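For reference, the structure is listed below as structure tokens.
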Amino acid sequence: MSKTTGPTGPTGPTGPTGLNGPDGTPSRGGASRSLSRRSFLKGLIASGALATLPCSLLMPRSASAAPFSKSDFQIFRNACPRNCYDTCSIVTYVRDGVVKFVEGAPESTYTAGGLCVKGYSYPRRVYSPDRIKYPMVQDGRGSGNWRRVSWDEAMERIARKLLEIKERDGNLLGLALTKYSGNFGITNYGVEGMMSSLGYTTRLVGTPCWPAGIDAQNYDLGDMWCNDPEDMEKSRYVIIWGANPAWCSVHSMKYVYAARDRGAKIVVIDPVLTQTSAKGDVAWQPETGSDGALALGMARHVLDLGLVDRDFVTSNAVGFEEFAAYLRQNVTVEWAAEKSGIPADEIRRVAEEFATAKPATIWIGYGMQRHVNGGAAVRAIDALVAMTGNVGKVGGGARYGHLQTWGFNYHAMIQKAPAGSTGFVGKAGPKGEFDVTAGAAAAAAYTDRALNINKTAQELLDAQNPPVRVLWSSCKNPFAQDFDRNKLEKAFNKLEMVVSVEQFFTETVRHSDIVLPVTTLFEEWTVNASYWHYWVSLNEQAIAPMHEAKSNIEIAALLSKHMNRLSPGSCTYPQDIDTREWMEKEFNKGVYELLGISHWQDLRKGPAKAKMPSSASWSDRKFKTPSGKYEFRSDLCASHGHKALPEYKEGRKPYAPYRLLTPHSKFAIHSQFANLDWMEEFQKEPFVYLNPALAKAKGIADLDTVRVFNPSGEVKLRAKITNTVPGDCLLMYEAWFRKLDFNVQNLVDDESADMGAYKTGAPGVAIHDQFADVARA
Amino acid sequence: MDHISLTPGTPRDACLLRALRDLFSARSARDIRAASLALDACRTRFGCSRAVRGTPPCAPPGADSIDSPGHWRDAEYAFNRLFVGPMAVPAPPYASAWLEREPRLMGESTMDVRNLYHALGYAVPDEGATPDDHLSFELDAALALLTLREAADTLPPSSAPEPFPPALASDAQEAWRWLVAEHMGAWVPRFVQHALAEPDVPPAIARALAMLLCWQEDAAAACAHRHTPSANADTPTPSL
């Protein structure tokens, strides 16, 4: 054994931080890389004397077990299923049945060959040693005493419990589902389908994300329908209002930059000086929650200058004169300046520039409507865009979101209740913004029981006849996303069984009795659409599900098998399903026509973009409002208890000295991604960011450990002092750190936003109308 | 070929490997109990002295004094906390988690052992879904190589009904050396050290970890001994 042919080859890298084993010591990567050159492998194969080896776990290998050539990659189409503007089209490279790397699909002009920092980390997620690998049962919720069980054992346990509560209550309303946006693959609506197939159940309905704005746009325009973001490059003036695309929609930034290259001015409005603000020409940092006043002040100035698009407001709108009268009587630029803190001259200048640039657009972010006056503020901004004639224009528009490309069959979702099921008797609204069954439910004798997802803790505590006994959580991490964490803990204590379907050990799993491992995007077939751009992507199964993971619809099928075994007819969900077949069942003629494809297989060549009559929404100016016109005055809105006009609505009264903002981090989407090593490299711990003046007043130095507290609870973390945050604000990014207890929901209560109930079943939540105090710990 | 009776490997190593393999692939308290008792039996039968002179003595904790269902249930909880989940485990029992430049599963080191299993004509169940480099599979493969190595060493070619490939002895030995000394040597000691550093490791698991480390160190030392220049002076260097 000479040194040159030594067994260890080159010494492995002892590389920089991060290139370490789980113990933090440098790994010896490279040490074993030369195995494939070892002659003993050939020798062993050639010996043929191997049939009688005493292996009991290893199985004789069939020659077909490794279909992948070593020198080539297999290439698959995937789509990022996260709750994100960008919904990236992904190309996945697989070798030896292992995802080696991912990249953005070049065919989508939106994804344009690149992913975001989170997207590139996907292989770290699939192959994370931390992943939940098996169904497991916790003996004593929160005890940390977990046992591994087979899928059959887990499902039988759940099925027995469901049958028991159905027997006890005479219905299945004691079973509640909490699910939101953790996986937007269309077949994952099979979770809702699973619930329906069991009978009438309790659903946590609504959305914490964007409901106030959805309702506002529905009142004004008749639907939420934004221009193609790719046409933003044709804008002559872009206002990005309460959104931070430089972090949260990186693929949209190229259109913003292109618009600027063509001479457009970019105005960014955000209480925080964000990365997007830094890239704009004008950055306004208004008082948080003053957006409505600011928009109305701009509208008043536009009115005063006579820059109103008379043709639009007379031919295509109703109620403009009433709105103008409201502005003249109640709004001045000085008033808006006082409310917002933006100097009156600046408001006048930007308002005039906006009204004279054609086309001009406003990107209405979701952050700005997470307020008690958020819906009213969106209506005011819509009005500003409409009165300047920018609705229905290429490069114009009040851009918020759309669901134009979501016309799938929802085959997985639409399941029948077993014969004889009874349920809730009463008014049924939509169960969220994606509920395609909303119309049909009204006719049924029984319905599901709706609880407000934004008040999950209180609703679980209050529900009676029957109480919620079993909670099923999928595509959701309630402890990270639902409000008032301390109250949620009390609510969970009332539950008799909690089942969570997860990939990682979140705080919700810690509070569960049973955890079921679920597939990642690479391990199931589905199809994905965006609520922002107009591309639709196929999501192919690229690898076998790791460990014992199953997809949501496979879990539903297995539950159905056990339900029907124990009580025939107790569940209508098919018991044997194939995720690819179920993906195929989501397509229909309408989807094919919209995408200009003849078969879903065409999407294997790349994502397809909807063939819209125009890149502009409402280009025919046929609005879906009751009047068929743009409604400055919405009687529907008034009938729902709001103002008919987009009037100013006061914000929430402070209940602690400083405003608390908990927006999205760059390195996570809610609680997803933050636990991966690549993200931890950038974001190892949470910080509260505060202004130097506030820090000085409180005697807080940079990196001091502080307590942030309010009536809901407290968190302890280190402080960073920065001028990017206004003087009256405490900012901390929402996140989940696998090694830390930090949770912003300790501090965020469940105060409702003004709108959201109309289209999503429950009002939104005033995530950014929160207040707290801070002190050195 | 099944009429060739391959003699079992070194009985002590085989006994240890079987018990350790069964312990680290345990799914339940019952599995852990059975494997722990088997491991104790190995120790009782073969003692705990080191195979190679000059190495420090190996002194794993003694046998469990309690044999109640609750005792083994607690061991199961601890076993899952250390190696299984659902929480992030401090000592993932996968080579790839320790050997890659960044900890992950299904890395290059996983493919290395997959290639070895393939060469032996084996594969893990559900290849592609099951990480090939879980400790229990590697111990199973070590057991296979132990058997093969012994067979090649002890069966004179003339006694075999068919010609025994002359290179098999050196191939089996080299594969064994790669697996136990080079590959496992690069991760098992750190894995053991990490698991043992966790609080409240039950005796059954602490014992298994210590015996695993002793076995691996002994086996690696024996390989090194066999490969010292003096021992190999008149044999050609294997081509790698």
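The values are calculated or read from the model by the stated rules, or taken from the named source; none is laboratory data. As the structure is a prediction and not an experimental result, all values here were calculated from the model. In this analysis, Cβ positions are derived from the backbone assuming ideal geometry, glycine residues included, and neighbour counts consider all displayed protein chains.
Overview of values
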{"item": "Exclusive hit being in contact with a helix residue (DSSP H, G or I) (Cβ under 8 Å, 6 or more places away or on another chain), buried (at least 23 other Cβ atoms within 10 Å of the Cβ) and more than 30 Å from A:Cys88 (Cα to Cα), set A:Leu296, A:Leu307, A:Leu303", "result": "A:Leu296"}
{"item": "Residue match in region B:57-72 (condition: at pLDDT 95 or above and at the interface with another protein chain (Cβ under 9 Å from one of its Cβ atoms))", "result": "no"}
{"item": "Near pairs, Cβ below 7 angstrom, 6+ apart or cross-chain, from region A:517-531 (touching a residue at least 12 places away in the same chain (Cβ under 8 Å)) to any residue that is basic (Lys, Arg) and not in a loop (DSSP other than H, G, I, E, B)", "result": "A:Val518/A:Lys550; A:Thr519/A:Lys550; A:Thr520/A:Arg125; A:Trp525/A:Arg580"}
{"item": "Selected residue (only one of A:Asp311, A:Asp291 is within 25 Å of A:Ala638 (Cβ to Cβ) and among the acidic types (Asp, Glu))", "result": "A:Asp291"}
{"item": "Meets criteria (within 20 Å of A:Ser752 (Cα to Cα) and of a type outside the set (A, V, I, L, M, F, W, C)) for A:Gln415", "result": "no"}
{"item": "Which numbered condition A:Leu403 fails, given (1) at negative phi; (2) surrounded by 24 or more Cβ atoms within 10 Å (Cβ to Cβ); (3) under 27 Å from the mean Cα position of the chain (by Cα)", "result": "(2)"}
{"item": "Complete set of residues in region B:125-142 that are over 22 Å from A:Arg125 (Cα atoms) and either within 7 Å of another protein chain (Cβ to nearest Cβ) or part of a loop (DSSP other than H, G, I, E, B) (or both)", "result": "B:Pro125, B:Ser136, B:Phe137, B:Asp140, B:Ala141"}
{"item": "Selection count where residues are within 31 Å of the chain's Cα centre (by Cα) and part of a loop (DSSP other than H, G, I, E, B), scope region A:624-637", "result": "5"}
{"item": "Search result, residues across region A:55-65 that are surrounded by 12 or more Cβ atoms within 10 Å (Cβ to Cβ) and at pLDDT below 75", "result": "A:Pro60, A:Arg61, A:Ala65"}
{"item": "Enumeration of residues in region A:546-576 that are in a loop (DSSP other than H, G, I, E, B) and touching a helix residue (DSSP H, G or I) at 6+ places or on another chain (Cβ under 8 Å)", "result": "A:Met546, A:Glu548, A:Ala549, A:Ser551, A:Ser567, A:Ser570, A:Cys571, A:Thr572, A:Tyr573, A:Pro574, A:Gln575, A:Asp576"}
{"item": "Test: residue in region A:700-707 that is over 30 Å from A:Leu327 (Cβ atoms), surrounded by 15 or more Cβ atoms within 10 Å (Cβ to Cβ), modelled with pLDDT of 95 or more and among the aliphatic types (A, V, I, L, M)", "result": "yes"}
{"item": "Flag if A:Trp247 is surrounded by fewer than 24 Cβ atoms within 10 Å (Cβ to Cβ), among the hydrophobic types (A, V, I, L, M, F, W, C) and over 17 Å from the mean Cα position of the chain (by Cα)", "result": "no"}
{"item": "Test: residue in region B:41-48 that is surrounded by fewer than 18 Cβ atoms within 10 Å (Cβ to Cβ) and modelled with pLDDT of 90 or more", "result": "yes"}
{"item": "Residue within region A:127-141 that is closer than 30 Å to A:Glu681 by Cα, buried (at least 24 other Cβ atoms within 10 Å of the Cβ), β-branched (Val, Ile, Thr) and out of contact with any Leu (no Cβ under 7 Å at 6 or more places or on another chain) present", "result": "yes"}
{"item": "For A:Thr92: the one exception among (1) under 24 Å from the mean Cα position of the chain (by Cα); (2) assigned to a loop (DSSP other than H, G, I, E, B); (3) not hydrophobic (A, V, I, L, M, F, W, C)", "result": "(2)"}
{"item": "When residues of region A:326-340 are limited to those that are surrounded by fewer than 16 Cβ atoms within 10 Å (Cβ to Cβ) and closer than 19 Å to A:Ile269 by Cβ, the one nearest to the chain's Cα centre (by Cα)", "result": "A:Glu338"}
{"item": "Residue among B:Leu145, B:Leu120, B:Leu135, B:Leu116 that is in contact (Cβ under 8 Å) with a residue 12 or more places away in the chain, farther than 17 Å from A:Arg61 by Cα, buried (at least 22 other Cβ atoms within 10 Å of the Cβ) and under 19 Å from the mean Cα position of the chain (by Cα)", "result": "B:Leu135"}
{"item": "Unique match (being at pLDDT 95 or above, away from chain B (no Cβ under 14 Å), closer than 23 Å to A:Asn183 by Cβ and in a helix (DSSP H, G or I)) among A:Thr508, A:Thr456", "result": "A:Thr456"}
{"item": "Single unsatisfied condition, A:Leu538 versus (1) over 23 Å from A:Glu433 (Cα atoms); (2) touching a Lys or Arg at 6+ places or on another chain (Cβ under 8 Å)", "result": "(1)"}
{"item": "Subset of region A:583-601 (residues that are surrounded by 14 or more Cβ atoms within 10 Å (Cβ to Cβ) and of a type in the set (D, E, K, R))", "result": "A:Glu584, A:Lys585, A:Glu586"}
{"item": "All positions within region A:523-582 that are within 14 Å of chain B (Cβ to nearest Cβ), in contact with a Leu (Cβ under 8 Å, 6 or more places away or on another chain) and buried (at least 24 other Cβ atoms within 10 Å of the Cβ)", "result": "A:Met546"}
{"item": "Residue match in region A:108-116 (condition: in contact with an Asp or Glu (Cβ under 9 Å, 6 or more places away or on another chain), crowded, with 20+ Cβ neighbours inside 10 Å, of a type in the set (A, V, I, L, M) and away from chain B (no Cβ under 12 Å))", "result": "yes"}
{"item": "Exclusive hit being on the phi < 0 side of the Ramachandran plot, touching a strand residue (DSSP E or B) at 6+ places or on another chain (Cβ under 8 Å) and buried (at least 22 other Cβ atoms within 10 Å of the Cβ), set A:Ala777, A:Ala772", "result": "A:Ala772"}
{"item": "Any pair with Cβ under 8 angstrom, 6 or more apart, that starts in region A:638-660 at a residue that is at negative phi and in a loop (DSSP other than H, G, I, E, B) and ends at one that is surrounded by fewer than 14 Cβ atoms within 10 Å (Cβ to Cβ) and of a type in the set (A, V, I, L, M, F, W, C)", "result": "A:Ala644/A:Ala638"}
{"item": "Test result for A:Asp513, within 14 Å of another protein chain (Cβ to nearest Cβ), surrounded by fewer than 24 Cβ atoms within 10 Å (Cβ to Cβ) and under 21 Å from A:Ser671 (Cα atoms)", "result": "yes"}
{"item": "Hits in region A:710-734 (condition: within 13 Å of A:Tyr689 (Cβ to Cβ) and either assigned to a helix (DSSP H, G or I) or among the aliphatic types (A, V, I, L, M) (or both))", "result": "A:Leu717, A:Ala719, A:Ile721, A:Val725, A:Leu730, A:Leu731, A:Met732"}
{"item": "Single residue of A:Asp215, A:Asp223 found to be modelled with pLDDT of 95 or more and surrounded by fewer than 24 Cβ atoms within 10 Å (Cβ to Cβ)", "result": "A:Asp223"}
{"item": "Residue match in region A:147-164 (condition: part of a strand (DSSP E or B) and either within 14 Å of another protein chain (Cβ to nearest Cβ) or not charged (D, E, K, R) (or both))", "result": "yes"}
